[in-house]
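The values are calculated or read from the model by the stated rules, or taken from the named source; none is laboratory data. Keep in mind that what you see is a predicted model, and the values were worked out from it rather than measured. Reconstructed Cβ throughout: ideal geometry from the backbone, glycine too, with neighbour counts over all protein chains shown. Ligands, DNA and RNA are excluded from the accessible area calculation, which covers all protein heavy atoms including side chains. Shrake-Rupley method; radii C 1.70, N 1.55, O 1.52, S 1.80 Å.
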Amino acid sequence: MNTDYTFTNINAANYTEDASRGDAYAQFMLGYCYYEGIGGVGFDFAAAVQWLEKSSAGGNMYADFIISRCYAYGGYGIEADDDKMNECLERVLPHLKFAANNGDAYAQVCMARCYSVDGILPDSIQEIHYLNLAAAQGHPVALFNLGLSYEEGDGVEPDIIKAVYHMRRAAELGYHAAQNNLASYYRHGIGVEEDLAKAVYWYEKAAGQGSCFALYNLALLHEEGKGVPQDPGKAAMYYQRSAQLGYLSSMVNLGALYEEGTGVDQDYAKAVYWYRQAAEQGEPLAQTNLAMCYDGGKGVEQDNIQAAFWYRQAAEQGYYKAQALLGECYDNGKGVEHNLELAATWFSRAAEQDYAVAQYCLALCYDYGDGVEQDYEQAVFWYRKAANQGHIDAIHNLALCYQEGVGVKQDYGKALELLSQAAEAGLVSSIYAMGVFYMDGLGVKKDPVKAVMYFREAATEGFALAQHNLGWCYENGFGIEKNQELAVKYERMAAEQGDVNAWYSLATFYHDGKGVSKDVQQAIKLFRKAADKNYALAQFMLGECYLRGNGVEKNTATAIKWYRLAAEQGNEKAQQRLNELKSSSHSLWLWKKKK
């Protein structure tokens, strides 16, 4: 068999039979195919090492060199092992150096790899020397690596023109990796004019040799409709082929297509399958997506513990989204023990990677002292970080800090500016807050009409506080014509959402018969709901009802109980009633007895 070590137009099937018969060259080439994931087989370091060791036993020095690389990095069932790596290199280096110095092009490529920055003998001068020797003989792998050196400025001055020149030569000789890289140059306009048609051409050339990277890139182009008609179905097909060859990013994207039902029938179970394939090989995005499937019960039974487990796997690799989601797990006690300190720790790690969601969560931790010492200035710092990236809730909270002068100098103008920004983005709480600013004249001239406009907009979106305030505006004719029926309508809408202010207001309407038929029993029911939530005005009104026997059996002791609760919150009318009752000997006896 011809011993060609240029690695162009490889087909693993061409070597299988001879490899099985013990041919060392065929065993090497088959092992190389598994090592690179080309030639119609996927990445499989275990299979690569199996065939390469057989080739090594047959005297193939290149097999020893590739085995050393396998042990250097590990993966796919092969553990990294420095001792085994050094054993291979000690055995093969003298032979490689002799062959390289006697003109063997592939030996020169191997020697360059030894001298590379991540090799065992890092020396950029020697690396470039051997690459030039092999490139002068037209070896495609040398040309490819020399192109990378010029692209990255590794051992030579960066020169993208020279990078393209060497990459093109290697691509034209049929080297799959160079074809993929040259395609990317055309795709992004690196060293050449952007040309998507040429990008597709070279990706297809590499994909024809089974390059999982090129298949992945073709999938992206078909998914986005760049250089080719947009076709999610073809994108899924290319992702599938690449994923079956072991490319983790393709597994993740294929899983996403199945989850979304884009280009394929929606199938959560298949999404989980592909996420798991990549997750178990350590891909952090796949681990995060798999965790989210467990979190939401998509394609698997809902399982908070499994969700937290996979979030942790990705978080510990530094993936910021997983870190933030793991922080939420600790914050809520989902799948892990509730721990605010750990929640803040994970939020902090993601926030430091400039992830706006985590920055907002960390700001909340400092704002409320959850898991960290309360620190309003730190809260403002992180709110601002997130706000600068357009995080709407952070913009709103930063506005409130300026409004209240918490962690920053009070500035109604700045607060209004930020609220306006969030309101324009559609944040209903900011729309409501704009109404409050115009209602109270905070940093702006009081404008009841504008206040009503903002309250109405937020109320239409179902915001309870806005509904309550709009009800108040109708009740009092603030910025709008008085209308007790509409006041009742909006207070009821807010009350149905559990707004305690609305419970009280609606109770007063029933108590006085304003905008609704008088119904003292309904009023007392609502007063009691608000009073049980420690609403002082409602507690005072319950005291009034019990004192006078209005809708309930008269009971001075119970009245005193409610007056006292209201007075403890500073309600002056309740305190006045208590003083009046104390002036009566009968009432004083009840007061002392109660105590």
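Here is a list: LEU506, LEU547, LEU537. Which entry is of a type in the set (A, V, I, L, M, F, W, C) and open to solvent by less than 30 Å² (accessible area, probe 1.4 Å)?
LEU506
Give the residue that is nearest to MET493 (Cα to Cα), with candidates limited to residues of the range 550-565 that are polar (S, T, N, Q) and crowded, with 16+ Cβ neighbours inside 10 Å. Write out each step before concluding.
Taking the range 550-565 first, the residues polar (S, T, N, Q) are 550, 555-556, 558.
Within this subset, residues satisfying the condition of being crowded, with 16+ Cβ neighbours inside 10 Å are 556, 558.
Working: THR556: 34, THR558: 31 Å.
The extreme case among them is THR558.
Taking the conditions exactly as written (at pLDDT below 95 and surrounded by fewer than 24 Cβ atoms within 10 Å (Cβ to Cβ)), does GLY189 satisfy them or not?
no
For the condition open to solvent by 30 Å² or more (accessible area, probe 1.4 Å), at pLDDT 95 or above, more than 11 Å from the chain's Cα centre (by Cα) and not aliphatic (A, V, I, L, M), what is the one hit in TYR360, TYR319, TYR355, TYR330?
Criteria check complete, one pass: TYR360.
What's the number of the only condition in (1) within 18 Å of the chain's Cα centre (by Cα); (2) crowded, with 22+ Cβ neighbours inside 10 Å; (3) closer than 24 Å to ASP231 by Cβ; (4) of a type in the set (Ser, Thr, Tyr) that TYR258 fails to meet?
Here TYR258 clears every test but (1).
If you scan the range 257-291, which residues turn out to be in contact with a helix residue (DSSP H, G or I) (Cβ under 7 Å, 6 or more places away or on another chain) and hydrophobic (A, V, I, L, M, F, W, C)?
The answer is LEU257, VAL264, ALA271, VAL272, TRP274, ALA278, ALA279, LEU285, ALA286, LEU290, ALA291.
Take the residues of the range 240-290 that are hydroxyl-bearing (Ser, Thr, Tyr) and not in a loop (DSSP other than H, G, I, E, B): which is nearest to GLY40 (Cα to Cα)?
Among those that are hydroxyl-bearing (Ser, Thr, Tyr) and not in a loop (DSSP other than H, G, I, E, B), it is SER242.
Looking at the range 163-183, can you tell me whether even one residue there is among the hydrophobic types (A, V, I, L, M, F, W, C), more than 24 Å from ASN11 (Cα to Cα) and open to solvent by 20 Å² or more (accessible area, probe 1.4 Å)?
Checked the range 163-183: no residue is among the hydrophobic types (A, V, I, L, M, F, W, C), more than 24 Å from ASN11 (Cα to Cα) and open to solvent by 20 Å² or more (accessible area, probe 1.4 Å).
Taking the range 298-315 only, how many residues are surrounded by fewer than 20 Cβ atoms within 10 Å (Cβ to Cβ), in a helix (DSSP H, G or I) and not hydrophobic (A, V, I, L, M, F, W, C)?
Our first condition is that a residue be surrounded by fewer than 20 Cβ atoms within 10 Å (Cβ to Cβ); within the range 298-315, this holds for 298, 300-306, 309.
Of the ones still in play, those that are also in a helix (DSSP H, G or I) are 304-306, 309.
Next, only the ones that are not hydrophobic (A, V, I, L, M, F, W, C) stay: 304, 306.
Count: 2.
Conditions tested, residue by residue: (1) closer than 21 Å to ALA356 by Cα; (2) open to solvent by less than 40 Å² (accessible area, probe 1.4 Å); (3) part of a loop (DSSP other than H, G, I, E, B); (4) touching a strand residue (DSSP E or B) at 6+ places or on another chain (Cβ under 8 Å).
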residue: LYS385; (1), (2), (3), (4): yes, no, no, no
residue: ILE395; (1), (2), (3), (4): yes, yes, no, no
residue: ALA399; (1), (2), (3), (4): yes, yes, no, no
residue: ALA422; (1), (2), (3), (4): yes, yes, no, no
residue: ALA433; (1), (2), (3), (4): no, yes, no, no
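Do you know which residues across the range 340-352 are in contact (Cβ under 8 Å) with a residue 24 or more places away in the chain and either surrounded by fewer than 18 Cβ atoms within 10 Å (Cβ to Cβ) or in contact with a Pro (Cβ under 7 Å, 6 or more places away or on another chain) (or both)?
LEU340, GLU341, LEU342
Return the pair list, or none, for Cβ contacts closer than 7 Å from residues in the range 469-487 that are buried (at least 21 other Cβ atoms within 10 Å of the Cβ) to residues that are among the aromatic types (Phe, Trp, Tyr), at least 6 apart or on different chains.
If the second residue must be among the aromatic types (Phe, Trp, Tyr), the pairs left are ASN469/PHE455; LEU470/PHE455; LEU470/TYR490; GLY471/TYR490; CYS473/PHE455; TYR474/TYR490; ALA487/TYR474.
Taking the stated definitions as given, is GLU417 assigned to a helix (DSSP H, G or I) and open to solvent by 80 Å² or more (accessible area, probe 1.4 Å)?
Yes, satisfied.
Taking the range 13-65 as the search range and keeping residues that are of a type in the set (Val, Ile, Thr) and in contact (Cβ under 8 Å) with a residue 40 or more places away in the chain, which one is surrounded by the fewest Cβ atoms within 10 Å (Cβ to Cβ)? Explain how you work it out, then say what you get.
First, pick out the residues of the range 13-65 that are of a type in the set (Val, Ile, Thr): 16, 38, 41, 49.
So of that shortlist, the ones also in contact (Cβ under 8 Å) with a residue 40 or more places away in the chain come out as 38, 41.
Working: ILE38: 25, VAL41: 23.
Among those residues, the one meeting the criterion is VAL41.
It is to be established whether one or more residues within the range 482-492 are in contact with a Phe, Trp or Tyr (Cβ under 8 Å, 6 or more places away or on another chain), at pLDDT 95 or above and more than 22 Å from ALA523 (Cβ to Cβ).
Looking through the range 482-492, none of the residues is in contact with a Phe, Trp or Tyr (Cβ under 8 Å, 6 or more places away or on another chain), at pLDDT 95 or above and more than 22 Å from ALA523 (Cβ to Cβ).
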